There are 2 protein chains.
Amino acid sequence: MTTQTQNKIVNDVNITQLGETIHNVRQDPQLAAFKARAKNKWISGTFNKITIDDYYLAKEEQKHKQSFQINADEPPILLGQDRGANPVEILLGALSGCMTTTLAVYSAVQDLKVESIQSEYEGDLDLQGFLGIREDVNTGYNEIRVKFKVKGDATEEQIREMVKKSPVYDTLIRPIKIKINVEKE
Amino acid sequence: MTTQTQNKIVNDVNITQLGETIHNVRQDPQLAAFKARAKNKWISGTFNKITIDDYYLAKEEQKHKQSFQINADEPPILLGQDRGANPVEILLGALSGCMTTTLAVYSAVQDLKVESIQSEYEGDLDLQGFLGIREDVNTGYNEIRVKFKVKGDATEEQIREMVKKSPVYDTLIRPIKIKINVEKE
């Protein structure tokens, strides 16, 4: 109870806890090493199931309070049955979650109140790449457009700078190394 | 009924429909222009909700059979309440769904039967970046490791080449342009 009344909360973000975390990480940077994970199981055709469960952080193996499942599929026009979102859509979802959380947390740190955040994401793909029709066309996104509508204290310029700190945003604007290991069973 | 018996299905992928799609796109490349979308609404703190609903493909606005919702949150150690997966985990989920679907479809095209596909994803983040402790540390992933376990006809080398055609994989290994528009309400 004592702790709770002493905690400073802005935008439902516990600024006191965040300050303690930053203090602890400054003392021991290894606490900041985060290994995020996901698993996937193919069901049939374009349908597969994602499970998010455990991770490594603060020098320990950790588990979420619950295991999260996301279904991935394609719509009928892309050979599936719409039993889940398309993985390229889920990617935009990840970007949206990350930019939104970053904005709420970074605003809180600067004591800028947020009343509402809504955002829309659109990315362009040319399926000539995936369909193998043109070798010179990338299979992935060429450009992603993001539109934020925000009610709160921060200016448009502050919002633009804060959302760019998002880890998923930062991952997408840089080339990332992906190592692939394959085992036949 | 007649159509169904004529359709060639491998790995639950309709190869006949895929062939027709490729034929149509060769005649009219504009059919392959795909605009994928996601929306996000901030709820509180690190909690927000992703909605995936409509997209543009085959020169038309399209709608999924159902609207897909994904909750994003952080665990308590990262200031949240575990009401959803972390956005950086959802990103790995998107990668997993895309590599898996790509493997199933590309195998089917080459008449390589797949019996099972399981995969695991792990990415490294250094939270000193996000926490603002070190300016020289990226907020996003530095490296992602992928492990596939596959039962089926394809060789390890074929699998490795096929999964690299994944649109989300291709998006992550290249730098992507993200345009941000901010509107204050």
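The values are calculated or read from the model by the stated rules, or taken from the named source; none is laboratory data. Just so it is clear, the model here is predicted, and its values are computed rather than measured. All Cβ positions, glycine included, derive from the backbone under ideal geometry; neighbour counts span all protein chains shown. What goes into the accessible areas is simple: the full protein's heavy atoms, side chains included, and nothing from ligands, DNA or RNA. Shrake-Rupley method; radii C 1.70, N 1.55, O 1.52, S 1.80 Å.
Kindly list the number of the only condition in (1) facing chain A (nearest Cβ under 8 Å); (2) under 21 Å from A:Ala72 (Cα atoms) that fails for B:Arg83.
Single failed check for B:Arg83: (1).
What's the number of the only condition in (1) open to solvent by 20 Å² or more (accessible area, probe 1.4 Å); (2) assigned by TED's automatic domain parsing to the domain that holds B:Tyr141 that B:Lys49 fails to meet?
For B:Lys49, the failing item is (2).
Which one is surrounded by the most Cβ atoms within 10 Å (Cβ to Cβ), of the residues in the range B:85-128 that are under 17 Å from A:Lys49 (Cβ atoms) and hydroxyl-bearing (Ser, Thr, Tyr)?
In this case the residue turns out to be B:Ser96.
Out of (1) free of Cβ contacts under 8 Å to residues at least 24 places away in the same chain; (2) of a type in the set (Gly, Ala, Ser); (3) in the same structural domain as B:Arg37 (by TED's automatic domain parsing), the odd one out for B:Ala72 is which?
If we test B:Ala72 against (1) free of Cβ contacts under 8 Å to residues at least 24 places away in the same chain; (2) of a type in the set (Gly, Ala, Ser); (3) in the same structural domain as B:Arg37 (by TED's automatic domain parsing), just (1) comes out false.
Does A:Ser44 meet the test of being at pLDDT 95 or above and in the same structural domain as A:Thr16 (by TED's automatic domain parsing)?
yes
Considering B:Lys8, B:Lys63, B:Lys59, which residue is on the phi > 0 side of the Ramachandran plot, open to solvent by 40 Å² or more (accessible area, probe 1.4 Å) and more than 8 Å from every other protein chain (Cβ to nearest Cβ)?
B:Lys59
State which residue pairs qualify: first residue farther than 18 Å from B:Thr171 by Cα and inside the range A:154-175, second residue at pLDDT below 95 and among the hydroxyl-bearing types (Ser, Thr, Tyr) in any location, beta carbons under 7 Å apart, and separation of 6 or more residues or different chains.
Here the result reads none, with nothing in the range A:154-175 linked to a residue that is at pLDDT below 95 and among the hydroxyl-bearing types (Ser, Thr, Tyr).
Residues in the range A:150-169: is at least one assigned to a strand (DSSP E or B) and either in the same structural domain as A:Leu79 (by TED's automatic domain parsing) or surrounded by 16 or more Cβ atoms within 10 Å (Cβ to Cβ) (or both)?
Initial filter on the range A:150-169 (assigned to a strand (DSSP E or B)): A:150-152.
Applying the additional criterion that residues be either in the same structural domain as A:Leu79 (by TED's automatic domain parsing) or surrounded by 16 or more Cβ atoms within 10 Å (Cβ to Cβ) (or both) yields A:150, A:152.
Looking through the range A:150-169, at least one residue is assigned to a strand (DSSP E or B) and either in the same structural domain as A:Leu79 (by TED's automatic domain parsing) or surrounded by 16 or more Cβ atoms within 10 Å (Cβ to Cβ) (or both).
Would you point out the residue of the range A:131-149, among those that are free of Cβ contacts under 8 Å to residues at least 40 places away in the same chain and part of a strand (DSSP E or B), that is most open to solvent (accessible area, probe 1.4 Å)?
Ranking the candidates gives A:Lys147 first.
Only residues in the range A:33-53 that are facing chain B (nearest Cβ under 7 Å) count as the first member; pair them with residues that are basic (Lys, Arg), Cβ under 8 angstrom, at least 6 apart or cross-chain, and list the lot.
Between residues of the range A:33-53 that are facing chain B (nearest Cβ under 7 Å) and residues that are basic (Lys, Arg), the close pairs are A:Ala33/A:Lys59; A:Asn40/A:Lys49; A:Lys41/A:Lys49; A:Asn48/A:Lys41; A:Ile50/A:Lys39; A:Ile52/A:Arg37; A:Ile52/A:Lys39.
Note down all Cβ pairs under 9 Å where the first residue falls in the range B:99-111 and is more than 14 Å from A:Gly132 (Cα to Cα), the second is in a helix (DSSP H, G or I) and hydroxyl-bearing (Ser, Thr, Tyr), and they're at least six residues apart or on different chains.
B:Met99/B:Tyr169
Just to check your reading of the model, which residue among B:Leu18, B:Leu31 is open to solvent by less than 40 Å² (accessible area, probe 1.4 Å) and either in the same structural domain as B:Glu161 (by TED's automatic domain parsing) or modelled with pLDDT of 95 or more (or both)?
Within the list B:Leu18, B:Leu31, the selection yields B:Leu18.
Give me a count of the residues in the range B:106-135 that are at the interface with chain A (Cβ under 7 Å from one of its Cβ atoms) and under 21 Å from B:Leu172 (Cα atoms).
Residues flagged as at the interface with chain A (Cβ under 7 Å from one of its Cβ atoms) and under 21 Å from B:Leu172 (Cα atoms) within the range B:106-135 amount to 11.
Filter the range A:136-165 down to residues that are more than 7 Å from chain B (Cβ to nearest Cβ) and modelled with pLDDT of 95 or more, then give me how many there are.
Residues that pass the stated criteria total 11.
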